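See below for the structure under consideration.
Readers should treat all values here as calculations from the given coordinates under stated rules, not as data from a laboratory. Computed from a predicted model, the values in this text were never measured in an experiment. Positions of Cβ are backbone-derived with ideal geometry, glycine not excepted, and every protein chain shown enters the neighbour counts.
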Amino acid sequence: MRAALAAIVLLIGLLPGTSYAIDGTVWAELARVQILEASFDQTQTRTVLKQPLKSRGTVRFERAPTGVAGPALTWQVSEPGRSTFSLVGSVARMEYPDLGMKESFDLAQVPDASRLASSLLVWMQADAVAVAREFDTTYGADTAVLKPKDPTLRALLASIEIRFVAGPWRVRAVDLVEPDGDRVNIVFHGVKLDGVGMADGG
């Protein structure tokens with residue numbers, strides 16, 4: 001379950017953004033994107049690792065897929081080992097094809113997991129009211145730093161720093177900082193917003 005929740009945490013960086021001064025009005029712009037697709041390079045820096053752990057893959061987020069009560073998203077790692085996390089409505093799936101392993105569960109049947117996923121997905125869906133409810137947010141010239149209010153989520157994640165580029169607004173990179181100082185950095189490239197390719201930016 002912790003692995004699934006961590007995978008959900010990784011997905012929150014996949015939103016449009018801006019390189020200009022950021023404020024709370026950014027959510028209205030983000031909410032216009034229905035389908036987001038991107039490639040990513042991810043680096044995990046952990047005290048238990050002698051070297052940073054690097055991986056790459058693709059992500060797809062669809063805000064309102066037909067016939068599904070809720071969003072659909074897929075986070076797929078292609079290197080160094082293959083894995084896929086998907087969430088369609090409330091059903092989450094983890095797959096490790098190289099190991100022949102699969103796991104699925106309904107978040108609606110796991111209240112704690114559902115609560116954490118909802119806390120993250122509401123701001124992915126650019127619900128400004130929910131963002132204000134779930135996070136303490138500090139906006140910078142081209143960044144937004146989110147600190148979870150929920151104690152359970154704070155035990156997994158201390159803060160999220162998002163770096164934006166403009167034309168139109170989208171995320172260029174996100175840093176996920178854990179309470180012990182371990183860090184996951186994700187850089188997005190080849191972004192498509194509703195099927196339109198974007199330049200990678202800064």
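Details
- Here's the list of aspartates and glutamates a cross-link from residue 192 could span, going by alpha-carbon distance under 15 Å and ignoring same-chain residues fewer than 8 apart: 37, 62, 200.
- Sparse-neighbourhood loop sites, trypsin sites (Lys or Arg not before Pro) in the range 146-179 - DSSP loop, at most 14 other Cβ within 10 angstrom: 149
- Segment residue 108..residue 66, full-extension length gain: 13.2 nm, with 0.36 nm per residue of separation and the alpha-carbon distance subtracted.
- When the square roots of the Cα gyration tensor eigenvalues are ordered a ≥ b ≥ c, the ratio a/c for the range 30-166 is under 1.5, which makes its shape rounded.
- Scalar couplings 3J(HN,Hα) for the range 51-58, obtained by applying the Karplus form with A = 6.51, B = -1.76, C = 1.60 to θ = phi - 60°, are 10, x, 9, 10, 8, 8, x, 9 Hz; x denotes Gly and Pro.
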